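Quick notes on the structure that follows.
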Amino acid sequence: MKLAYWPGCVSRGFTPELHGSMAKVAPLLDLELVELDRANCCGAGVIAEHNQELADALNARTFAMAQQVQGAAGMMNICSTCQGAQSECQQRLDASSEYRGEVNTHLQPEGLSYEAGGEWWNKNFLWILAEEIGFDALRERVKRPLEGLRIAPFYGCYIVRPSKRLGLDEHPERDQYLGLLIEALGGEAVEYAGARKCCGFPLITMNRTTSLRQAGRHLADAIDAGADCLVTPCPLCHLNLDMQQPAAQKFVERDLGIPVLHLPQMVGLALGLEPKELGMGKHVVPTDDVQRKVAELAAA
Amino acid sequence: MADTQTFQLKIRRYDPESGAPAYWADYDVDLPPERSVLDGILQVKDREDASIAIRCSCRAAICGSCGVRINGRSALACNTRIGDAAATGRDGFITVEPMGNMPVIKDLVSDMEAVHWKKVRRVVPWLVPAEAPPEGQEYIVPAEAMLDVTQAMACIHCGVCVSACLSMEVDPEFIGPAALAKAYRFVGDPRDGEEEARLRDLAEDPHGIYDCTHCFACVEVCPKDVAPMNQIMRLRRRATSDYGIKDENNGYGHEKAFVTLIEKYGTLHEAQLLPRSFGDGSLVKGQLKPSGAKQLTRELPTAFRGLKSGKVTPRKALLHEKLPDQKQVRKIFHAIESHDERIELNLYIVGEMGDEEMGAMAEEAGET
C-alpha cells in the first residue's frame, strides 16, 4: 500500500527513534511511504489557539501535498497530536465549501488546493494497522510473538477525543485498538486507569507541577498494574512519559523507571527486528528489561 | 416500542452518617433499552430500595441535576440510554458512581457547592457593564455580536465537565472547564466592560486558563456541546492576541514561541521552545530574564538526559533547517495575520455537517 506520509516534527526532532523505527517497520508491512518533506507543522493545537484560520490553512497545505502523491491510498501520520490537530482542521475545512475556498486561495501560489469529499483520509499508523492491514493479516506476519510481555497502552488524548471528530461512530473500536494490537502481537495488554488520560505534555512549560503529576500518576498506575512497559502512538506523550520520567518521580514521591515504547518499536519487535535497529537504546528510561525479555523469546 | 429487557445496575453506595465505607450494590431493572439510566435508578428506588440518593428533576437534560459517572464516563443519567450503557459496561453490568473531582454527600449526590459553584463564583459570573444603559432603555446588542458566546451560554451547570477534567484530577485548585466557559460568556459579551481585567486575572492565576491540559475530556462529555476547552482557548486567544498579556505562567510565551518558530522554520525547533517560552517568545529574553534563567536551569537535568540518551544531539539543539518552501509558509502567516478580523468558523453555529451534504439532502428532499 502506497501512502503519503507525514512524520511530524517531534519524530524528526527529539524522538528520532520513532522516525527510524517506522522506516524499518514499513517495508515489513508492504507500506510504501512517500514522505511529505516539504510539509509544515500541524500546529499541535497551539497555532489553532493563536489563530484558527492559520492552523486550517497550514494543514490544508499538508493535505493538498498529500493529495498530490500519485497512487497513494491516503495520508499516514505517526503522532496522536498530529492526528487530532489535523482532524480538527479537516473537520472545519470539510464543513464549508466557501470557507475552504478562502483557505485554498492561500495555497494557490504553490499550485496547491485541498479537495474535500471522496474517500481521502488521514490516519495514524495505529488506524492503518487496524483498518487497512487488519489484525488478522498482521498476526500472520508476526515472527516473534511478544509472549509474556505485559504492555500498558497509552493513547494520547488527541487520538481518542472528541470521539465524534475522530471517527469513533464509524469505527467504535478506535479507543480499543492498542489493546487489540498488543494481543495480536502475542503480548498481554495491561489494564490500568491512565490509558486514555493526559500525559501532561501540553502543560510542561505552563504548569510543570500539574504536568508531571499527570505523567507520574499514569506511570505509577501502569507499574502497579504489573506492566513491563508502556506503548504510545504519540511522541509528545513519549517526551513527558520517558524524557521527563526521572523528573516526574519527585511529583508522585516514588521511584518509577518503566520504559515507554513507540508504537512502531513494539510492532517491529514482533516482526522480528532487533531492539537496536529500532532505536531502543535512545530512550531516557533504559529499555534493557524489555530487551532481555525479547531476547529470551528469541531463544525459546 | 422495544421490548422490556433486564439490565444489571451496579451502584456506588455511600452514607457518611453510617460510618461505613463506600460499597457497590447490584440491582436488576426491567426497561426498554431506549429508556435512560436515570429511569433505571428510579425504578430501583421505587421497587427495591428507596434510600438510594440521587438528584434529579426534569429528566430531559435541561436542569442538569443528575450528573454521575456511568461505566467510568461522566454523563447525565437522564441523557444516557440504558441499552447504550449496557453495551459499554463490563461483564454485563452498568456501573453508576457519583461524579469525580467533587466530594460525595451521599450515594450519587456530589457536593456541587464545594467545587463547582465555588469556582463559578471565582470568575465573577455576572455582567459588569461598560457604561450605564441609555436613559430609560435596556442595552441593545445586535444578535450577531452575541453569536460568539452562544455556545458558552448553552451551559446548564451540571458539572459533568468538572467531573471529567483531567487537570483538576491532579490540581484541585484549577478553576476548571465550567467556570472558565462561564468566564468567556462575559469576556465575549460586547456589553461587558471588564474584558481586559478578567483576562489578566485568569491569565495570571497559576490555576487559570494556562492550567488547562488540552485533553478534550470536557468537550467529550458535555451534554450540551458547550465545548468548554474551546472557550478556554478563546480566552487564551483574546489574552495573547488582543491584549498581549504577558503572564508569569508562560502562557503568552509558549504560544508566541511556538507560532514564531513555525513562522521561521516551518517545523518545530524543539530546542528553542522552552527558552523562548520562558522569555515571552524571545530566545534572548528567555535566557537573560531571571525567572527565565531559573526555569531553564530547572530543565537542565532533562536536557542532559536527552543528550546522554542520544535523542538530542548538540547539532540538533543548535541548528534547525527551514523547510525548502518556507517563504511560502511565511506568506500564509503574513496574509492571514494581517486581516483586520479573525476568521473563525464555529461549527456549533454553522453545523458540523458539510454544506455539500446539506445541499444534497435539501435536493433529495425537493425531489421526493
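All of the numbers you see were taken from the coordinates with simple rules; none came from a lab. Predicted, not measured: the structure shown is a model, and the values here were computed from it. For neighbour counting, all protein chains shown are included, and Cβ atoms are generated from backbone atoms with ideal geometry for every residue, glycine included.
Screening the stretch A:4-13 for residues that are at negative phi and crowded, with 24+ Cβ neighbours inside 10 Å and picking the one that is nearest to the other protein chains (Cβ to nearest Cβ) gives A:C9.
Take the conditions (1) under 28 Å from B:A154 (Cβ atoms); (2) in a helix (DSSP H, G or I); (3) facing another protein chain (nearest Cβ under 7 Å); B:H254 misses just one of them, which is (1). Taking the listed residues A:I151, A:I182, A:I159, the one that is β-branched (V, I, T) and surrounded by fewer than 23 Cβ atoms within 10 Å (Cβ to Cβ) is A:I182, with no other qualifying. For the stretch A:75-83, check the following and say yes or no: at least one residue is out of contact with any Pro (no Cβ under 9 Å at 6 or more places or on another chain), among the hydroxyl-bearing types (S, T, Y) and either away from every other protein chain (no Cβ under 11 Å) or touching a residue at least 24 places away in the same chain (Cβ under 8 Å) (or both). There is no residue in the stretch A:75-83 that is out of contact with any Pro (no Cβ under 9 Å at 6 or more places or on another chain), among the hydroxyl-bearing types (S, T, Y) and either away from every other protein chain (no Cβ under 11 Å) or touching a residue at least 24 places away in the same chain (Cβ under 8 Å) (or both).
Comparison of B:K285, B:K289, B:K311 shows that the only residue that is in contact with a helix residue (DSSP H, G or I) (Cβ under 7 Å, 6 or more places away or on another chain), surrounded by 15 or more Cβ atoms within 10 Å (Cβ to Cβ) and away from chain A (no Cβ under 13 Å) is B:K285.
So that you can scan it fast, the table gives a plain yes or no per residue for (1) under 30 Å from B:R185 (Cβ atoms); (2) charged (D, E, K, R); (3) surrounded by fewer than 19 Cβ atoms within 10 Å (Cβ to Cβ):
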| position | (1), (2), (3) |
| --- | --- |
| B:R47 | no, yes, yes |
| B:A50 | no, no, yes |
| B:A86 | no, no, no |
| B:I94 | no, no, no |
| B:E113 | yes, yes, yes |
| B:R121 | yes, yes, yes |
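Only strands (runs of 3 or more DSSP E) whose full extent lies in the stretch B:62-111 are considered here, and the ones with at least 3 residues that are under 21 Å from B:E220 (Cα atoms) are B:67-70, B:73-76, B:93-97. Among residues of the stretch B:247-272 that are at positive phi, those with a beta-carbon under 8 Å from a residue that is surrounded by 24 or more Cβ atoms within 10 Å (Cβ to Cβ) and part of a helix (DSSP H, G or I) at least six positions away or on a different chain give the pairs B:N250/B:Y210; B:N250/B:S277; B:G266/B:V329. Among the criteria (1) more than 9 Å from chain A (Cβ to nearest Cβ); (2) under 18 Å from A:D56 (Cα atoms); (3) of a type outside the set (S, T, N, Q), the one B:I262 does not fulfil is (1). Within the stretch B:214-235, the set of residues being closer than 14 Å to B:G188 by Cβ, touching a His at 6+ places or on another chain (Cβ under 9 Å) and either buried (at least 24 other Cβ atoms within 10 Å of the Cβ) or more than 10 Å from chain A (Cβ to nearest Cβ) (or both) comprises B:I232 only. Every residue in the stretch B:283-314 that is assigned to a helix (DSSP H, G or I) and of a type in the set (A, V, I, L, M), please. Hits for the stretch B:283-314 are B:L283, B:V284, B:L288, B:A293, B:L296, B:L300, B:A303, B:L307.
Note on the stretch B:167-189: residues that are part of a helix (DSSP H, G or I) and under 13 Å from B:I232 (Cβ atoms) total 12. Please go through the stretch B:159-213 and give me each residue that is more than 14 Å from every other protein chain (Cβ to nearest Cβ), closer than 27 Å to B:D280 by Cα and either in contact with a His (Cβ under 6 Å, 6 or more places away or on another chain) or without any contact (Cβ under 8 Å) to a residue 12 or more places away in the chain (or both), ordered by number. Within the stretch B:159-213, B:A197, B:D201 qualify.
In summary, B:V104 fulfils each of the numbered conditions (1) out of contact with any Pro (no Cβ under 6 Å at 6 or more places or on another chain); (2) touching a residue at least 60 places away in the same chain (Cβ under 8 Å) with the single exception of condition (1). If you check B:V350, B:V329, B:V312 for being among the aliphatic types (A, V, I, L, M) and without any contact (Cβ under 8 Å) to a residue 40 or more places away in the chain, only one passes: B:V350.
Looking at the stretch A:29-67, which of the residues that are β-branched (V, I, T) and more than 7 Å from every other protein chain (Cβ to nearest Cβ) is surrounded by the most Cβ atoms within 10 Å (Cβ to Cβ)? The selected residue is A:T62. Filter the stretch A:139-168 for residues that are assigned to a loop (DSSP other than H, G, I, E, B), within 14 Å of chain B (Cβ to nearest Cβ) and not polar (S, T, N, Q) and give the result. Of everything in the stretch A:139-168, those that are assigned to a loop (DSSP other than H, G, I, E, B), within 14 Å of chain B (Cβ to nearest Cβ) and not polar (S, T, N, Q) turn out to be A:F154, A:Y155, A:G156, A:V160, A:R161, A:P162, A:K164, A:R165, A:L166, A:G167, A:L168.
Restricting attention to the stretch A:88-118, the residues being more than 9 Å from every other protein chain (Cβ to nearest Cβ) and of a type in the set (S, T, N, Q) number 4. If you filter the stretch B:317-334 down to residues that are more than 7 Å from chain A (Cβ to nearest Cβ) and touching a Gly at 6+ places or on another chain (Cβ under 7 Å), you find that the one that is surrounded by the fewest Cβ atoms within 10 Å (Cβ to Cβ) is B:K322.
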